[in-house]
Structure formats: C-alpha cells, structure tokens
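Below is one structure, written out as structure tokens; comments come after it.
The values are calculated or read from the model by the stated rules, or taken from the named source; none is laboratory data. Keep in mind the model is a prediction, meaning the values are calculated, not measured. Cβ placement follows ideal geometry from the backbone for every residue including glycine, while neighbour counts extend to all protein chains displayed.
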Amino acid sequence: MQNTPRRPRPSVRTTPSPQTPAADTRLICFNKPYGVLSQFTPEGRWRGLKDFIDIPGVYVAGRLDADSEGLLLLTNDGKLQARISDPRFKMEKTYWVQVEGEPDEVDLTALRQGVMLNDGITLPARAQSIPPPEGLCERDPPVRIRQSIPTSWVELVIREGRNRQVRRMTAAVGYPTLRLIRAAIGPFHVQGLASGSWKDEPATAL
C-alpha cells in the first residue's frame with residue numbers, strides 16, 4: 001500500500017503584507033486597557049486583543065506592556081508597521097506617568113538629559129510635571145497608593161523603545177511608576193478615545 005504524500009501546510013502570515021495598496025491601507029488607533037496583551041491571543045491571566053478588535057489582517061505596530069495602558073497602533077501595511085515600530089525611525093512616543101512622590105526640576109532635568117540604566121544611558125527626552133490628565137477612567141484593578149506618600153504625574157516623551165524603559169527611567173531618579181499611559185505615538189493621540197475602543201485614522205498623517 002502506497003503512502004499518500006502529505007500536503008504542505010498553508011503558510012501563516014505573522015506580519016502584514018509589505019505591498020498593501022495605499023487605498024486599502026488601514027491604521028487602527030486602539031486605547032488598550034490595563035491587563036491586555038499587545039497580541040490577539042490571550043495568555044495566562046492576560047487578555048488578548050481579540051476581545052476588542054475583530055478586524056482580519058491587521059497587526060500590532062509596536063508593543064505596549066500588559067500592565068500599561070493607552071495608545072496601540074495596528075495596521076495591515078508592512079512598511080507602515082516598520083516605520084512606526086522600528087527604533088531607527090525614532091518616532092516620538094508620549095507617556096503620562098503617575099509616580100510615587102513629587103519629582104522636582106533636578107529630577108526632571110535628569111530625565112531630559114538621559115539616565116543610566118543597566119543596558120546603557122537613555123537618549124535625551126522631554127519631561128515635565130503635569131496635572132492629572134482629564135477624562136481618565138479608573139484603572140481596574142485600582143493603583144495601590146500609600147496614604148503616607150503623595151503621587152504626581154509626569155509627561156515623558158521618548159524616541160526609544162527599550163523593554164519597560166519608562167518605568168526604569170522614573171525608578172532610576174527615585175520615583176517608582178504607579179500607572180503608565182501611552183498618550184501619543186507621533187501625530188496620533190489617545191485623547192477622546194474611551195478605554196477598550198478603537199478608531200480608524202488616515203495613514204497619510206505619517
């Protein structure tokens with residue numbers, strides 16, 4: 001009896017097509033809640049994007065940790081994905097950071113000039129104290145705050161994408177991060193977008 005040759009399995013694309021026609025290009029802005037991975041499949045105690053986005057053929061352009069919130073971009077265009085996520089393009093990313101304590105101008109200057117981490121010194125950044133951002137929903141679960149220590153908010157703008165970089169930067173100057181929200185990537189902003197919701201944006205803005 002002859003063995004029937006196995007048919008090759010169809011390939012599974014893990015990145016968007018690099019040649020998506022401009023007219024068909026999609027760029028999705030998603031306000032990622034706390035506890036959601038930057039992937040469609042859930043893992044362990046973390047939820048996946050499939051609970052919020054049911055759009056075939058789009059892929060994440062740059063990651064955001066499960067314990068962080070805010071703007072996540074997805075696209076079906078490979079070149080656009082690379083432009084957003086590749087550190088060589090140094091696209092600015094803006095973060096709102098709730099920290100334990102109240103950084104002064106010396107601390108903010110240190111963040112601006114670059115701080116030494118275990119993988120080298122960070123590039124110069126923009127940093128300023130800000131009031132609590134308006135319209136933020138309560139985080140679920142709530143941030144654990146010690147009653148004896150005040151908290152404050154810092155806006156930090158960086159052009160790098162090291163692992164957990166913002167959290168490590170604030171810790172390096174003595175202010176642990178309690179809540180981290182990515183407010184913007186380049187010209188795209190999370191303001192006006194409810195947590196867990198998404199919208200299309202014109203890719204021509206890049």
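For this structure, a couple of remarks:
- Residues of region 125-146 that turn out to be at pLDDT 95 or above and among the β-branched types (V, I, T), as a count: 1
- Within region 41-76, the set of residues being loosely packed, with under 14 Cβ neighbours inside 10 Å and either within 16 Å of H189 (Cβ to Cβ) or in contact with a helix residue (DSSP H, G or I) (Cβ under 8 Å, 6 or more places away or on another chain) (or both) comprises just one member, T41.
- Search result, residues across region 54-88 that are farther than 13 Å from R26 by Cα, touching a strand residue (DSSP E or B) at 6+ places or on another chain (Cβ under 7 Å) and part of a loop (DSSP other than H, G, I, E, B): G62, L64, A66, S68
- Leading residue by the ranking (surrounded by the fewest Cβ atoms within 10 Å (Cβ to Cβ)) among those in region 185-206 that are touching a Leu at 6+ places or on another chain (Cβ under 6 Å) and aliphatic (A, V, I, L, M): A203
- Elements of type strands (runs of 3 or more DSSP E) in region 143-204, at least 3 residues being among the aliphatic types (A, V, I, L, M): 151-158, 177-185
- Scanning region 147-184 for residues that are at pLDDT below 95 and surrounded by 13 or more Cβ atoms within 10 Å (Cβ to Cβ) returns R159, E160, G161, R162.
- First in region 172-195 and in the same structural domain as V97 (by TED's automatic domain parsing), second anywhere and among the basic types (K, R) and part of a loop (DSSP other than H, G, I, E, B), Cβ under 8 Å, 6 or more apart: L178/R144; R179/R139
- Whenever a residue of region 50-71 is of a type in the set (S, T, N, Q), its partners that are assigned to a loop (DSSP other than H, G, I, E, B) and surrounded by fewer than 17 Cβ atoms within 10 Å (Cβ to Cβ), lying with C-beta atoms within less than 9 angstrom and at least six residues away or across chains, give the pairs S68/R164.
- The single condition among (1) within 22 Å of R182 (Cα to Cα); (2) modelled with pLDDT under 95 that Q19 does not satisfy is (1).
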